[in-house]
Amino acid sequence: MTTLSPTSAAGIGAGVAVLSTGDVRVPVYPAATALPALGDQPYPPPAGQDGLRAAIAAYATASGTATVRPEQVLVAPGARAAILSVLAGALGDRREVLVPGPYWASYPTLIKAAGGTAVLVPGQVGVGAPSIEALEAALTERTGALVLNSPRNPDGSVIPAERLRELSDWAEAHGLLLLFDQVYRGVPIGDGPAPSVLGLGPELPAHCVVVDGLTKSHALAGLRIGWAIAARPVLDAATAHASHVIGGTGSAAQRIALAVLGGEPGSDTGGEPGTQPGTEPDRDDRRARLGSALEGNLKAVLERLSGIPGVSCPRPEGGIFVFPDLRGWLAEHAPPGARADLTGWLRDEHRVAVVDGKAFGAPGHVRLSFALPEEDLLTGVDRLRTALTG
């Protein structure tokens with residue numbers, strides 16, 4: 001592999017307004033007040049420190065109806081690593097993985113790295129749930145897993161609760177692992193958390209794995225803390241893979257994550273408390289500020305992209321992205337340079353970086369983040385509007 005992820009912000013020239021990033025850059029934390037402890041740093045447990053696993057289990061239990069136990073949690077350096085270890089450990093002989101579109105651009109690469117084969121299933125922008133008919137058409141005797149992402153990257157669509165139950169039952173009936181990626185679920189916009197497989201009953205179904213983390217919901221992309229929640233056989237296999245490939249998630253990052261989730265930072269990490277406060281008022285205040293900033297940003301983006309001939313930009317149901325449909329504009333209004341290389345033309349001619357929808361299986365769309373400092377966001381969106389109306 002020689003190219004970066006299409007959603008990476010690396011390599012973009014100076015002076016370009018970067019709307020292509022996938023992290024939350026709205027400022028919600030104070031400057032760090034202490035360095036991590038620099039005492040002895042033994043290898044952390046492959047599945048994560050006990051205190052953090054317990055805090056994640058409590059956090060997940062509070063978000064649904066299923067009771068999550070600490071021994072069901074694998075802590076990983078980001079959701080990507082959690083997905084990789086789960087798939088590498090659980091696929092077995094049936095190595096095809098169904099990936100409904102539009103899909104996060106990294107799924108095919110992660111599946112390949114886990115020894116699997118991504119099978120892309122046609123889907124519809126703005127409709128979070130794939131149809132059973134499309135899944136049946138892609139199903140073979142080699143199919144081992146189904147990946148669902150809700151709220152979805154790139155378009156923010158959500159799978160309704162009744163459809164999620166139907167999809168879970170379908171996967172179980174065919175003996176498939178259901179990997180449910182909900183890393184955008186905790187982003188505080190919209191009418192509340194999206195439905196989750198953690199809400200299907202008093203226990204997480206044995207064929208389901210939940211992937212989550214602090215990157216989006218807590219604006220902590222650089223911390224690299226994600227996790228998988230699964231029944232013991234799947235979790236044990238994923239932990240065995242992680243022990244060889246990852247070797248455990250950094251203890252300093254785990255200590256900060258524990259503080260953010262409200263645990264006792266000094267309980268099992270061998271050092272002083274983390275740099276971020278973990279009290280309930282602190283967390284509530286940060287999330288309120290983050291939610292208010294994101295809602296304001298989203299409103300501003302939608303207003304600026306409305307009324308442009310050939311452009312449709314619906315409000316996302318969750319997440320941090322808008323995914324405007326430019327197909328009409330490309331067909332009727334775009335100059336030749338934009339038709340030949342849309343994102344290159346926007347970057348080079350108008351100094352704004354977005355992600356081409358082709359990276360997600362949805363050509364003719366672009367993805368842009370609204371989880372940015374207001375001034376940076378509006379500069380970029382104003383440039384995009386000028387490009388599309390000039």
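The values are calculated or read from the model by the stated rules, or taken from the named source; none is laboratory data. The structure displayed is predicted, hence computed values, not measured ones. Positions of Cβ are backbone-derived with ideal geometry, glycine not excepted, and every protein chain shown enters the neighbour counts. What goes into the accessible areas is simple: the full protein's heavy atoms, side chains included, and nothing from ligands, DNA or RNA. Shrake-Rupley method; radii C 1.70, N 1.55, O 1.52, S 1.80 Å.
Got a number for carbon plus sulfur as a percent of the stretch 70-119's accessible area, 1.4 Å probe?
Working: 820 of 1570 Å².
Carbon and sulfur together cover 52 percent of it.
For VAL18, which sequence-distant residues (separation of 5 or more, or a different chain) have an amide H within less than 5 Å of its own amide H, given hydrogens modelled in the peptide plane?
Those qualifying (amide H under 5 Å, at least 5 residues apart or on another chain) are ALA353.
Using modelled amide H (1.01 Å from N, peptide plane; none on Pro or chain starts), what sits under 5 Å from the amide H of ALA105, excluding residues fewer than 5 places away?
Close amide H contacts, sequence-distant or interchain: none at all.
Averaging over every viewing direction, what projected area does the convex hull of the Cα atoms of the stretch 329-390 cover, in nm²?
Projected area, direction-averaged: 4.2 nm².
Can you list the residues, at least 5 places off or on another chain, whose amide H is less than 5 Å from the amide H of VAL121, using H built in the peptide plane?
Result for VAL121 returns VAL99, GLY101.
Using each residue's phi in the stretch 175-182, evaluate 6.51 cos²θ - 1.76 cosθ + 1.60 at θ = phi - 60° and report the 3J(HN,Hα) Karplus result to the nearest Hz, with x for Gly and Pro.
x, 9, 6, 9, 8, 9, 8, 10
Using the heavy atoms of the protein chains and a 1.4 angstrom probe, tell me the accessible area per residue for the chain in square angstrom.
In whole numbers, the chain has 41 Å² accessible per residue.
At 20 °C and a viscosity of 1.002 mPa s, what translational diffusion coefficient does Stokes-Einstein give for the stretch 181-234, taking Rh as the Kirkwood radius over Cα pairs? Give it in µm²/s as a whole number.
Translational diffusion coefficient: 176 µm²/s.
Which whole-Hz ³J(HN,Hα) couplings does the stretch 151-156 yield from phi under the Karplus relation 6.51 cos²θ - 1.76 cosθ + 1.60, θ = phi - 60°, glycine and proline marked x?
Ordered by residue, 3J(HN,Hα) equals x, 9, 8, x, 9, x Hz.
How much net charge surrounds GLY144 when only the other residues with a Cβ under 12 Å from the Cβ of GLY144 are counted, with Lys and Arg +1 and Asp and Glu -1?
0
In whole Hz, with x marking every Gly and Pro, tabulate ³J(HN,Hα) for the stretch 204-221 from phi via Karplus 6.51 cos²θ - 1.76 cosθ + 1.60, θ = phi - 60°.
Listing the rounded values in order: 5, x, 5, 8, 9, 10, 9, 10, 8, x, 9, 4, 9, 5, 10, 6, 10, 4 Hz.
Points 7 angstrom from Cα along the Cβ direction at ASP285 and ARG315: gap in nanometres?
The two pseudo-label positions are separated by 2.9 nm.
Of GLY128, GLY201, GLY344, which has the largest mean-square fluctuation in a 10 Å C-alpha GNM of the chain?
So, out of GLY128, GLY201, GLY344, the one fluctuating most is GLY201.
ARG142 to ASP382: extension gain in nm, 0.36 nm per residue of separation minus the Cα-Cα distance? Could you put the intermediate results ahead of the total?
Details: separation 240, 0.36 × 240 = 86.40 nm, distance 4.79 nm.
That works out to 81.6 nm of additional length.
When every alpha-carbon pair in the stretch 286-337 is counted, what percent end up more than 13 Å apart?
63
Normalised radius of gyration for the stretch 45-128, please: alpha carbon Rg relative to 2.2 N^0.38 Å, two decimal places.
Its radius of gyration relative to the 2.2 N^0.38 Å reference: 1.29.
Classify the stretch 104-235 as rounded, prolate or oblate from the Cα gyration tensor: take a ≥ b ≥ c as the square roots of its eigenvalues, call it rounded if a/c is under 1.5, otherwise prolate when a/b beats b/c and oblate if not.
Rounded shape, in that the Cα axes give a/c under 1.5.
Sort 95-102, 254-261, 235-242 for me by packing, meaning the mean count of neighbouring Cβ atoms within 10 Å per residue, highest on top.
Final packing ranking: 254-261, 95-102, 235-242.
Within straight cross-link reach of LYS299, meaning Cα distance under 23 Å, which lysines are found once same-chain residues fewer than 8 apart are removed?
Qualifying lysines at Cα under 23 Å: LYS216.
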